[in-house]
Structure formats: structure tokens, C-alpha cells
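Trainee: Handing you this structure, nothing more for now.
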Amino acid sequence: MISKELKKAREYEERETAKIPETDRPVFHFSPRTGWLNDPNGFSFYKGKYHLFYQYHPYSPYWGPMHWGHAVSSDMIKWEYLPAAMAPDTEYDGSGCFSGTAVTLPDGRQLLMYTGCGDSSEDPLRKGRWLQTQCLAVSKEIENGVEFEKYENNPVIKADDLPEDCDPYEFRDPYIWQAADGTYRFLAAAGRTGEIGEDGNYLHEKGTQLILFRSNDCFEWEFDKVLFEDHRRIGVMWECPNFFELDGKQILIASPMDMHAEADEAVGSVRFPQGSNVCCIAGEYDEETETFTPDGGYEPVDIGLDFYAPQVMEAPDGRHIMIGWMQDPKYGNFADARDDLTGPGLQYAVPVEDADGYLHGPEGSHTFGQMTVPRELKYRDGKLYQWPARELCEYRKNRLDYDGVLLKDEERSFEGISGRLIELEVEIAPYEVGAPLYREFTIDFAVDDEHFIRLSYKPARSLITIDRSRSGQCSEITARRSYRAKYSYGSLSLRILIDKWSAEVFVNGGEQVMSLTYYTPPEADGIRFAAEGSVMMDVTAYQL
Ligand code: FRU
């Protein structure tokens with residue numbers, strides 16, 4: 001028996017999907033079946049298919065009471081939508097089924113672990129915040145599909161189970177795994193109850209903790225220990241943690257909220273902008289004592305403009321694959337910041353409330369939000385490397401090569417290299433060894449008379465910049481970000497994936513990635529290359 005809330009969501013998505021033309025969707029980036037998407041959830045391989053669940057508000061292109069959307073794929077690129085897996089329909093998750101992960105049980109069922117948002121606090125100081133508990137749902141085969149039944153003893157971890165100074169209103173995003181001895185662990189983000197500040201609000205002064213729970217069977221859980229804590233050095237709440245071994249290192253990837261900006265003084269750029277960011281910490285993990293010892297610092301995972309809450313899973317062939325929400329969370333969540341969206345399917349839409357109090361998009365509904373491409377992870381020379389999952393190469397068409405092109409104080413376009421659905425591999429180097437370094441190299445895409453997105457490289461400081469200030473949006477969003485690539489005497493290698501309203505730029509074999517979205521009209525499809533000084537360039541382009 002499915003709940004009336006889930007039935008309603010499924011009927012809605014079934015009906016509305018048909019109204020959303022395929023042309024209104026990104027082509028090789030996952031987008032929600034209808035409405036709104038944020039974090040990837042339950043990213044896993046189960047019964048011969050990749051499964052992707054996601055934070056989902058089917059009824060409007062805005063964040064709202066969270067459901068779990070569901071899709072399956074055989075290659076992580078082309079996804080098939082399945083009916084929504086969960087709706088907020090119980091006392092403990094009626095305000096939202098928040099993020100979580102999946103694991104396969106020994107009996108072959110798939111288990112989803114997620115955060116239930118229950119009642120909002122009566123405490124005026126916690127106004128608008130929901131009690132957060134950890135919950136389970138288990139797969140059940142039915143005719144022609146699968147259902148996820150919420151566990152009868154939900155929630156499995158509640159406020160009482162938390163250590164003293166953990167805030168039960170800021171406790172979410174369980175990351176579950178099976179330990180080597182067959183027992184289970186989950187790691188979740190937990191804010192600490194700080195003192196009450198002068199303004200009467202709780203201060204999360206002590207910062208955040210990632211806390212570990214253990215279980216023998218995945219159903220009965222107990223608090224184990226604090227695995228990691230941060231005293232507000234790096235933001236306030238480490239959302240959506242991932243914790244896994246990669247190439248002999250233990251990796252923690254999490255999404256801290258409200259970070260202070262960090263400058264990269266040497267290049268006059270930011271290492272981290274203020275606000276929400278994704279960090280990677282590498283270290284050693286002693287399984288016996290369950291102690292994580294970071295090697296050193298924390299590094300940004302994606303230095304573009306839109307990337308948050310990624311989830312990492314292990315594919316059956318052992319690859320670690322990461323998929324992220326390709327959106328700046330601040331910008332994505334606030335409706336008024338999106339007033340000037342113009343892309344098809346993305347227009348600003350005033351939601352209407354229905355009889356049950358759900359907000360709906362207008363007729364001919366829209367979707368908002370997309371995931372990055374799945375990325376293979378490697379850890380090499382003290383760094384996290386990311387590279388598009390190799391499956392994407394199967395979609396390449398019409399290869400075009402322009403080799404040994406000399407760009408000398410000029411701007412050029414190339415026959416066949418244009419469009420909003422294209423992959424570019426670009427290698428550049430100074431024209432002559434020993435000659436003065438060129439000053440700047442730029443690639444503009446999504447170009448028309450008014451618009452362009454600019455990727456530029458200044459070799460002297462090895463500074464690479466992505467700039468969407470001419471994308472057509474004028475709301476207050478971060479439009480530009482620079483980063484210092486490894487210095488290489490003017491040589492640079494780029495792999496750029498362009499899919500209608502986004503780009504992902506993989507720098508120097510994946511040592512860094514810059515992801516961004518833009519809502520420039522789709523007719524703006526020019527691509528041009530330019531150099532100040534002399535640059536030798538090889539370009540390979542594929543239609544995707
Ligand atoms: C991250 C996040 C998670 C939460 C979910 C709610 O974007 O805030 O912490 O579980 O989104 O949609």
C-alpha cells in the first residue's frame with residue numbers, strides 16, 4: 001500500500017512528464033523528472049543497474065517538501081525515470097525525506113537510509129527548523145517494479161541517541177557502508193548546540209561534527225563515536241559526508257555550509273568563496289580504533305560556480321564514481337535570485353497552491369536543477385583527480401581535429417566547432433620554447449552578439465578563470481572564479497563538456513574541475529578562441 005502523498009506525487013509526475021519536451025532538458029546531464037532537484041541520493045549499483053535517487057520536489061521548480069526521485073541506468077549517462085521512491089508521508093518525515101545513501105543487504109534487498117524531517121521546533125529560537133532523525137526504507141519487488149517500504153521501527157536513530165552537545169535539529173545526511181568484518185556504519189553530519197547568542201539565536205560556535213553509528217544488521221543502530229570535528233574553522237555544518245578508501249588513502253568529501261572566504265594570496269584569487277563549498281580531506285583510517293587522521297589540509301573539490309553535495313559510490317569494477325548537484329545551493333534555493341532565468345524549461349514560474357497545500361508549477365511545468373556528469377576519482381601525488389566516466393565517450397560523434405594551429409594576437413572560430421552540445425579537448429603551449437610567454441588565452445562559448453561564457457588562462461601566474469558575467473543573468477550570483485593551475489611554462493590541457501545550460505571544465509587531466517550553469521538563450525551557440533601573444537593549439541571536438 002502506498003501512501004496518498006506518494007500516489008499523488010506519482011500521478012503528478014506521470015502526467016506532467018509528458019508535457020516537458022525532451023528539448024527542454026540537458027542531454028547528458030541528469031535532470032529531475034518534473035519540478036526541482038537538489039542532492040544526489042542513494043547513488044548505487046543494484047541488480048545490474050546504476051540507481052540514482054535525488055532530492056526532489058516534483059510539484060514546482062523550487063525547493064519544497066522533499067521526496068526521493070528515482071532513476072536507473074546501465075551506463076550512468078542515459079537515465080530512465082522510475083516512479084518517485086518516497087514522499088514525506090509520516091509523522092517522522094512529514095516535513096521532508098532528506099538526503100541519504102543506499103546499501104545492498106545480505107538477503108539481496110536494497111536499503112535506503114535517509115534523514116526524516118519531522119515537526120518543526122516549538123522553541124522560538126529554532127523557528128522553522130525540523131527535528132531530524134535517521135530512517136530506513138527497504139526495497140520490495142512488485143509486479144513490474146519496485147517499492148520502498150519505510151521501516152516499521154523508524155526512526156532508527158533519534159534525538160535521545162545523540163551525544164549531549166549534538167543538535168537534533170541539525171543532524172542529517174547518513175552515509176552508510178559495510179565494514180570489513182561485515183558490520184555496518186553510518187556517518188552523519190551533526191551540528192553542535194552552541195550557546196545562545198546576543199541576538200537570541202543559537203550559535204553553532206563549536207562548529208560541526210561527523211558522527212559514526214554502528215550496527216550488526218543495518219536495522220538496530222547505536223552511537224559509536226565522533227569521527228571528525230571541526231571547530232568552526234571550516235564552515236558550520238558539514239552536509240552530505242562521503243567516507244571511502246581510494247588508491248590506498250582514506251578520503252572524506254563533505255559539503256560545509258557558511259564558510260568564510262579563503263584567499264589564495266599568491267594569485268589574488270579565492271581558494272574558497274564564502275558560503276557553501278565542497279571539501280576533500282585525505283588521510284589514514286585505522287579501522288580497529290575507528291580513527292581518521294587527516295594528512296594535512298582541506299582542498300576544494302570543484303572550483304567552478306555550481307557544485308554541491310556530491311555523492312560517491314563504488315561501481316562493480318571498483319571505480320569510485322562521484323556525481324554532484326550542479327548548482328550553487330544559495331542561488332538554487334532562492335526563488336527571487338532566479339527571476340531572470342530564460343532558458344526553455346527554466347523560466348521563472350510563480351507556483352500555485354493546490355487544495356492539499358502543495359505548490360505547483362504552472363501548466364506546462366518546468367524543471368530546475370541538474371547533476372554533473374558521473375566522474376571517476378583517483379588519488380595520485382597527494383591530489384584528488386576527477387575525470388568524466390568513460391561511458392560518456394560512447395556518445396561522441398563527428399570527431400573533428402585542428403592540430404598545430406598558431407594563434408597570434410588574434411581571435412578565431414573553426415568550421416564545425418560550434419553548438420551548445422559539444423565536447424572539446426584543447427591543448428595549448430607557447431609557440432616557441434624560449435620565446436616570451438603569451439599573455440592570455442581565451443575560449444568563449446555560448447556566444448552571440450550579446451552573450452558569452454569565458455574561460456581564460458594567464459600563463460605567467462598560471463591563473464585560470466571562468467566567467468559568466470555575460471551569460472545574460474543579472475541577479476546577484478557569483479559570476480567569476482579563478483584558480484591557480486599547476487605551473488607548466490604556458491602549457492595547459494583542457495577537456496570541456498558543454499551541454500545546453502552548463503559546462504564542466506577538466507583541467508590538466510582532472511587535477512581540477514570547474515563546473516557551472518548558465519541560462520543563456522540556446523541560440524547563442526558560437527565558440528571562439530583567442531590569444532594575446534603566440535599560442536600553439538590542438539583542438540579536438542566531438543558532438544555529443
Ligand atoms: C544539502 C541539503 C542536505 C539535506 C538536503 C535537503 O543540499 O541541505 O543537507 O539533506 O539538502 O534537501
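Trainee: Over the C-alpha atoms of region 163-299, what are the Rg and the largest Cα-to-Cα span, Dmax, in Å?
Mentor: 16.0, 52
Trainee: How far apart, in nanometres, would the label points at residue 394 and residue 105 be if each is projected 7 angstrom from Cα along the Cα-to-Cβ direction?
Mentor: My value for the distance between the label points is 3.1 nm.
Trainee: Net charge around residue 47, counting only other residues with Cβ within less than 15 Å of its Cβ (Lys, Arg = +1; Asp, Glu = -1)?
Mentor: Around residue 47, the charge tally is -1.
Trainee: Region 63-121: D in µm²/s via Stokes-Einstein (Kirkwood Rh, Cα pairs, 4 °C, 1.567 mPa s)?
Mentor: Numbers: Rh = 12.9 Å.
For these conditions, the coefficient is 100 µm²/s.
Trainee: Let me ask something additional. Along region 89-97, what does the Karplus equation 6.51 cos²θ - 1.76 cosθ + 1.60 (θ = phi - 60°) give for ³J(HN,Hα), rounded to whole Hz, x for Gly and Pro?
Mentor: So the J values, rounded to whole Hz, are 9, 10, 5, 7, 10, x, 9, x, 9.
Trainee: Assigning unit charges at the beta carbon (Lys, Arg +1; Asp, Glu -1) and nothing else, what dipole magnitude in debye, to the nearest 20, does region 460-544 show about its Cα centre? Don't skip to the answer; put the middle values down first.
Mentor: Values: 10 positive and 9 negative charges, 59 e Å.
That gives a dipole near 280 debye.
Trainee: Could you tell me the relative contact order of the chain? Use alpha-carbon pairs under 8 Å, at least six residues apart, and round to a whole percent. Don't jump to the answer; show the numbers that get you there.
Mentor: On the way: 1455 pairs, mean separation 67.8, N = 544.
Taking the mean separation of contacting Cα pairs over the length of the chain, I get 12 percent.
Trainee: Carbon and sulfur: what percent of the chain's accessible surface (1.4 Å probe)? Could the numbers behind the result be given before it?
Mentor: Values: 10460 of 21970 Å².
Carbon and sulfur atoms account for 48 percent of the accessible area of the chain.
Trainee: Once you put a point 7 Å from the Cα of residue 461 and another 7 Å from the Cα of residue 508, both along the Cβ direction, what distance in nm separates them?
Mentor: In this crude spin-label approximation the distance works out to 1.6 nm.
Trainee: Starting from the Cα of residue 78, draw a straight line to each of the lysines and keep only those under 21 Å, dropping any in the same chain fewer than 8 residues away.
Mentor: Residue 78 reaches 19, 47, 49, 397, 500.
Trainee: In whole Å, largest first, what are the principal axis extents of the Cα atoms in the chain?
Mentor: 70, 52, 51
Trainee: Where does each of 314-321, 414-421, 457-464 land if you order them by average Cβ count within 10 Å, highest first? Write down the numbers at each step before the final one.
Mentor: Working: 314-321: 13.4, 414-421: 15.5, 457-464: 19.6.
Most protected by this proxy first, the peptides run 457-464, 414-421, 314-321.
Trainee: Semi-axes of the equivalent ellipsoid for region 1-137, please: Cα gyration tensor eigenvalues, times 5, square-rooted, ordered largest first, whole Å. It would help to have the intermediate numbers written out before the result.
Mentor: On the way: eigenvalues 128, 76, 35 Å².
Ellipsoid half-lengths, sorted descending, are 25, 20, 13 Å.
Trainee: Then there is this: With Cβ to Cβ distances under 9 Å as the rule, what net charge do the other residues near residue 69 carry (K, R +1; D, E -1)?
Mentor: Working: positive: 33; negative: 13.
Taking every other residue near residue 69 into account, the sum is 0.
Trainee: Here's a follow-up. Could you grab the Rg to Rh ratio for region 396-543? Cα atoms only, Kirkwood for Rh.
Mentor: On the way: Rg = 14.5 Å, Rh = 15.4 Å.
That ratio is 0.94, to two decimals.
Trainee: How many Å² of accessible area per residue for the chain, probe 1.4 Å? Present the calculation step by step, with values, prior to reporting the outcome.
Mentor: Details: 21970 Å² over 544 residues.
The answer is 40 Å² per residue.
Trainee: Suppose each label sits 7 Å from its Cα in the direction of the beta carbon; what would the residue 47-residue 19 distance come out to in nanometres?
Mentor: The modelled label-to-label distance comes out at 3.2 nm.
Trainee: Can you give the percent of C-alpha pairs in region 77-183 whose distance is more than 23 Å? Please report the intermediate quantities before stating the final value.
Mentor: On the way: 1960 of 5671 pairs.
Pairs farther apart than 23 Å: 35 percent.
The values are calculated or read from the model by the stated rules, or taken from the named source; none is laboratory data. Treat the numbers as computed from the prediction; the structure is a model and nothing was measured. All Cβ positions, glycine included, derive from the backbone under ideal geometry; neighbour counts span all protein chains shown. For accessibility, only protein heavy atoms count, side chains too; no ligands or nucleic acids. Shrake-Rupley method; radii C 1.70, N 1.55, O 1.52, S 1.80 Å.
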